[in-house]
Every structure is written in C-alpha cells, then in structure tokens.
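The structure under discussion appears below in the form of structure tokens.
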Amino acid sequence: MSVTSVIQVQVVKALDSLYEGNFEPGSFQLSQTKPEFEGDYTVVLFSLVKQLKKSPDGLGNELGQYLVANNAGLFTAYNVIKGFLNLTITDAYWVSLLQQNYKNPNFGKAAATGKKVMVEYSSPNTNKPLHLGHLRNNFLGWSIAEILKANGNTVTKTCIVNDRGVHICKSMLAWQKMGNGATPATTGSKGDHLVGDYYVQFENELKQQAAPLLEQVLAGNFTGFEGEPLTKLQLFVQRINNGDAKAAELKDEVKELVRNNTPLMQEVRTMLLKWEEGDADTLALWKQMNEWVYAGFNETYKRIGSNFDKTYYESNTYLLGKKTVQWGLDKGVFFKKEDGSVWIDLTADGLDEKLVQRKDGTSVYITQDIGLAQDKYNEYKMDQSIYVIGDEQNYHMKVLKLICQKLDLPNADGIYHLSYGMVELPTGRMKSREGTVVDADDLVDEMEKISAQHTEELGKVKDFTTEELKQLYHTLGMGALKFYLLRVEPKKKMVFNPEESIDFHGFTGPFIQYTHARIKSILRKEAATLFTNAPQTALLKLEKELLVQLEQYGSILQQAAAEHNPSVIASYTFHLAKAYNSFYTEHSVGNAETPAKKELRLQLCQLTAIIIASAMGLLGIQVPERM
RNA sequence: GGUCCGGUAGCUCAGUUGAAUAGAGCAACAGCCUUCUAAGCUGUGGGUCAUUGGUUUGAAUCCAAUCCGGAUCACCA
C-alpha cells in the first residue's frame, strides 16, 4: 500500500474518532508538502473546515495531535499553517520501506488483474517507408502496452497493415511503367524505400499530367468532365473567379477533382479493379512489392524495438463488415436509401448521417473497422481495445464506437481511442507530396551518429569493443529519440526541428541513462560489501527526498495507465534522476560516515537503479551499465 | 459555419479531479572536478498562465463570451 493510502486511512480513522460525520479518503486532499515547509505530506483542511465548521488552526492541531499520538511508527511531527496540516513521517517508516524493497525488481508493479487489453498501433500503409509521425505512434503504442502490463493487465499488441488500395496501386503502376524490373537486390535499396520511391515518382508524373488540365479548367474549359465532378468544378471555378474568400480551399478541391480525371488515375483505378477481381498478374506484382516493403519494415521495427503479437492485413479483413451491414439493417440500426446505399443516423448524438455501405454494395472504411473490431473480439474477448491513431481521426473513432454501441456489440464500451497530435516541422506539417517528410531510418541513423560523437568527445569508454560501442550508440540514440517523443502528453501536437538536433542534457533520455550508469559504477565497486549491517539510521534531507520519490513509483504507474499517458513516466523518471544526482554530489556512498550509512546509501542506489531501468523499460528505452 | 483540441518564461514543455510565493529543461550569466562517471551539481535573471467577465474563503485549473492556431465534418483510407 502506498504511503498516501496509509496516511489517508489514518486520517479517516482520526476524523471518525474525533468528530461526528461520514469521512472517507476522498473527503480531503492529500499532497506532497512543498519544499519550503516542514513535513512530508500535507492534508488540505479547507473542505473539512467547511464540513465541521471549525477553525483551520483548531482542526489542524486536534487532528495533528491525534495522528502523532496514535501512530508512533508512522508520524513523528506535525505543523499547521493557514489551513494546511503538514505531517512528518518517521525515518523508521522510510528506512523499513527501503529495506523491504531494495532488491525487488517488480517494485511498484501491480499483481495480475485478469483483465485483457488489446493495443493496436503502428498500422502503416505499404506504399512508403515509416516516418517521424509513425515513430511517435510506435513508441506510444508500445509504451502504453507495457505500462498496462505493469499494471497487471494481459496485453495483446496488434498491427493492421494497410496493404491494399489506391495507394499501393500507385507504386505498382509507377514501377510497371518506369521500374525496368528494379528490385531491392539490383538497386541495393531497402524494400520499403524502393516502393516509396515509385510512389513519389507516380505523384510527380501525376502532377505533370494534371498541371495543363488544371490550367484549362481554371480558364473555364471543362472538356472531359461529366456528371457530379463537372457540376462541382463549374461551381467552384465560378466562385474562385468571383473572388470567394475561400478561394485557396476551393482551388485545392478543384485540383483534387482534376487529378482524379487524369489518364494516370484512370489506370490506377483499373488496376485496383483488377486486384479486386483477382487478376493473377496484378496479384503477383502486389504480392512482390508488399514483400519488399515488409522486409524493409521488419528491419526498421527491429531497430526501433517495435513488435506485435498479432498482425492483421487489410487485404484479409476489408470485407469483414459486410454481414454486419445486413444485421444492422435487420436490427433497424441502419437504414437504406432509395439508391440502395446504407446509412446510420447519428444526428441525435450531435453527429451526422454516416454512410456504411455504398450503393454498389461495397463497404467503406468505417464498415471494415466495425468488422475488424468484431473479429478481434471474437478471437481475444478483451475488456478494452485501444487504438493508437492520430487526432485527425477523432471524429472517425467517435463514430466507430458509437455505431458499435448502437449495434450493441459486446466490445463496444471497451473501445478507446488513444489520440495523439501530429509531429510538425517548424515550417508546418510534413507533406510527402512536397518531400518534407523526416524518414524514420534516416533519423535513427542521425541519432546514433550524434551519440557516437558525444561519446567520443567524452572518452569514457575507450576500452569498449567495436560491437559494444555500436550497441551503446544505439542505446543512447534511441533513448534520446524515444524520450523526446514520449515526454510530451500524447494529445498535444509537437514540433520537431531537424536543424536543432535532439538534446542529450537536461530533460532527456541520455541524462537518465547517465544517472543509471553512474549508479552501476558504484554498485560494481561496492558489491562485495553489500548489506551486512542493519542500516537503522536517521535520514539526511537528500536521502529522504530520494526515498520519498522512489516510493511514488507505484502510484505513477497507476496514473500513467489510467491516463494512457507515458509522459507521466518520463516526467517522473527525470525527477527521480535529478533527485539522485543531487544526493550523489552531496553524499559519498563509498566513503560514507559510518558502515550503516554506507549500507543505507547502497540500498538507495540499488532501488534507484531498479526503478530507473524499470521506468525507462516501460518507455522502450534501454539503460547502459557504462557510458 | 458545426464539432473537437490546443494557447503557461526568448524556445520546448510540466502543472488542468480548485489550495501555500505558478515549475522544469534549453538558451544567457556566475560558481563547483587531487574524493564513487562534470552527459553532472549549485545559484542568478526571465511570467498580464491568450483576453474579458463570472462562480468560490481560494482559479493557470471550473463556467460564459471573445481572439489566435490546428484538426475534422468524403459513396478516400
């Protein structure tokens, strides 16, 4: 049980015996005492003052006296200042906590709850390599899965690979037209990059084809267009020419319509139809190119430490929602329009009418997602299903959950969208069409290079073998990168400036890794004298501050899981490392004043190292023995 | 236009279930290595918590309005 829970219980007991009323741990606030006051934890008295109609001073003193008198092992002193009751915990309590846990590798982690959770993350398209945005997604998904495990849940990590559709057909078509049979082997390119290059080539070609057509359309010549696109174009162009305030947006719409009317896009659509019909040549090419991509992805995943228990492929799941549509119609949750298309009315919930099946009978994105959600549940029967997806899909995920709830699916209430903000450049969003995307492989290379540079400058590991150095550079580079992306609250968008390299000082991964290496250096030297005396001794200020922080790890793990927020752990671990470093510079472990002091400090070192390694592990970050 | 999210130090961010004088890191400046790793430690300066009004003993935090930035509102995925 955490210290705060213990205190809460004792305060409730005290209140019950001193006053009339119904008290529970939630009746008052308990917080850590601010450093400028005497004490460890503080009861905020205002809510009780109101309830009991007593003066803050009177209540504080009565409560403080009672607590100290009746909990000799727990409280040693109290003081009351302006409605705050500051309580000092006995050193004996802290020391015994340390002694019981200093070699417990599972300190802070919860026992099994029997709950099953699925975390879906990464979910790449197979037409281009992973970029910085995917990294945030991967790190978040992996980390939240581990955090949930640490809280006693059974977790399944999954990935849905978007391996079919217009996007991959674009790469396929460009490769057919311009590839001359190039393969990763003949070009020496990583498979995902090779396929991505053809995607870029397609987009360039498309741009060229669309440019004269766009000019023609903007000049009012709509030859070659018919039906709905024609009506839209005529309207939009007219509005642009009339100086509409939204001219820029309208022009984008026009551009999109024009692009879709080019011969190249016709070819892509033909190819997609062939794929759907099962055309052998098309399927063979599709399979071949996807395999190149998977080989590339696997290399990157291995490097960044992403892994999945189960991988779904969209080509296998995209038809799954179809039978649900009929079922939803039968239940009266969906309705059919005259043209045969199927919809759900969400206007009562403040949303719109949403299409779930096209008039031609094919299913749309949301329908596929409903189908996949059912499929997942049938196989895993999980209590919660977390989707790590960017915030541009907030609306989509809201709709998905709502539809599942209206269909009364057993998995519906467990759907949780872990939404995260985009990673932007100082110039704005990354745009693949404009080539401003920060490539994941390049970035990892860069981080390892910088790590090597720093390490060489400091010259502390000159005896390392080449292999050990390589490992260290990777550990440090990934530590810096992962920490950088995870230290910010997920839902906030963040800016990455490629000009300023990611830092290695201050609130960073390497700072914490360094702290760990420092501790290990001591423990290597002092291992022989470990723990022979009883470290019953009074705590110095910095010793206690460190210990108080160590104790909080369990609560931090709970908070991180409850909020689905790894940045809570990043923040905590940084503060812990800071507390350790302050302690370290002020007090010697090896040359401690007495043997008992030495042992106490060694135990502090040991538990700090355990928690740093554990916490960083939950962020997917390794900690080195030396650096 | 509707809905949602954000706005805190020069920069990047904590703090948002209301509570003591709003905190870190980076950058700037001043100190600290004959002693366990200086990727460290200690200190200084830096704030109209977007704005206005409200609720409250008490508001960065809750409510309302406004301003700024972003996302989304496809028979795309």
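Report, ordered by chain and residue number, the lysines lying within cross-link reach of residue A:597, taken as a straight Cα distance under 16 Å and ignoring same-chain residues fewer than 8 apart.
By straight Cα distance, residue A:597 reaches A:541, A:544.
Which distance in nm do the two modelled labels at residue A:436 and residue A:4 give, with both placed 7 Å along the Cα-to-Cβ direction?
With each label placed 7 Å out from Cα toward Cβ, I get 4.2 nm.
Over region A:3-89, what is the relative contact order in whole percent, taking alpha-carbon pairs under 8 Å and six or more residues apart?
Answer for region A:3-89 is 28 percent.
Given the pairs A:462/A:493; A:287/A:376; A:149/A:598; A:116/A:398; A:207/A:232; A:177/A:359, which are separated by over 31 angstrom at their Cα positions?
Result: A:462/A:493; A:149/A:598; A:177/A:359 exceed 31 Å.
Pull out the extension gain between residue A:277 and residue A:351, defined as 0.36 nm times the separation in residues minus the alpha carbon to alpha carbon distance; nm, one decimal.
23.1 nm
List the lysines whose Cα lies under 29 Å from the Cα of residue A:53, skipping any in the same chain that are fewer than 8 positions away.
Correct list for residue A:53: A:13, A:34, A:82.
Quick one: what Rg and Dmax do you get for chain A from the alpha carbons, in Å?
Rg, Dmax (Cα atoms, Å): 30.3, 93.
Regarding region A:3-89, what's the average projected area of the Cα-atom convex hull, expressed in nm²?
Taking a quarter of the hull surface, the average projection is 4.8 nm².
Please tell me the relative contact order of chain A in percent, rounded to the nearest whole number, where contacts are Cα pairs under 8 Å and at least six residues apart.
Reported relative contact order: 16 percent.
Using 0.36 nm per residue of separation minus the Cα-Cα distance, give me the extension gain between residue A:453 and residue A:563 in nm, one decimal.
35.9 nm
How much accessible surface does residue A:16 have with a 1.4 Å probe, in Å² rounded to 10?
80
Identify the GluC sites (Glu not before Pro) of region A:269-364 meeting these criteria: DSSP loop state and at most 10 other C-beta atoms within 10 Å of the C-beta.
A:338
Calculate the length of the line joining the C-alpha centroid of region A:20-77 to that of region A:574-605, in whole Å.
31
Taking only DSSP H segments of four or more residues, each worth -39500 (n - 2.57), what value at 222 nm results for chain A once the sum is divided by all its residues, to the nearest 500 deg cm²/dmol?
After summing the helix terms and dividing by the residues of chain A, the value is -18500 deg cm²/dmol.
Using the Karplus curve 6.51 cos²θ - 1.76 cosθ + 1.60 with θ = phi - 60°, what ³J(HN,Hα) values do you get for each residue of region A:616-627, in whole Hz, with x for Gly and Pro?
Here the 3J(HN,Hα) series is 5, x, 5, 8, x, 10, 7, 10, x, 6, 9, 7 Hz.
By how many degrees, between 0 and 90 and to the nearest 10, does the Cα long axis of helix A:56-70 differ from the longest principal axis of chain A?
So the helix axis and the longest Cα principal axis differ by about 70 degrees.
Identify the GluC sites (Glu not before Pro) of region A:164-271 meeting these criteria: DSSP loop state and at most 16 other C-beta atoms within 10 Å of the C-beta.
A:226
Do any trypsin sites (Lys or Arg not before Pro) in region A:10-69 lie in a DSSP loop with no more than 13 other beta carbon atoms within 10 Å, and if so, which?
When the trypsin sites (Lys or Arg not before Pro) of region A:10-69 are filtered for loop state and at most 13 Cβ neighbours within 10 Å, A:53 remain.
Can you list, largest first and rounded to whole Å, the semi-axes you get for region A:166-307 by taking the square root of 5 times each eigenvalue of its Cα gyration tensor?
36, 18, 13
The values are calculated or read from the model by the stated rules, or taken from the named source; none is laboratory data. Because the structure is predicted, anything quoted here is derived from the model rather than measured. Cβ coordinates were reconstructed from backbone atoms using ideal geometry, including for glycine residues, and neighbour counts include every protein chain displayed. Heads up: the accessible areas ignore ligands, DNA and RNA and are worked out on the full protein's heavy atoms, side chains in. Shrake-Rupley method; radii C 1.70, N 1.55, O 1.52, S 1.80 Å.
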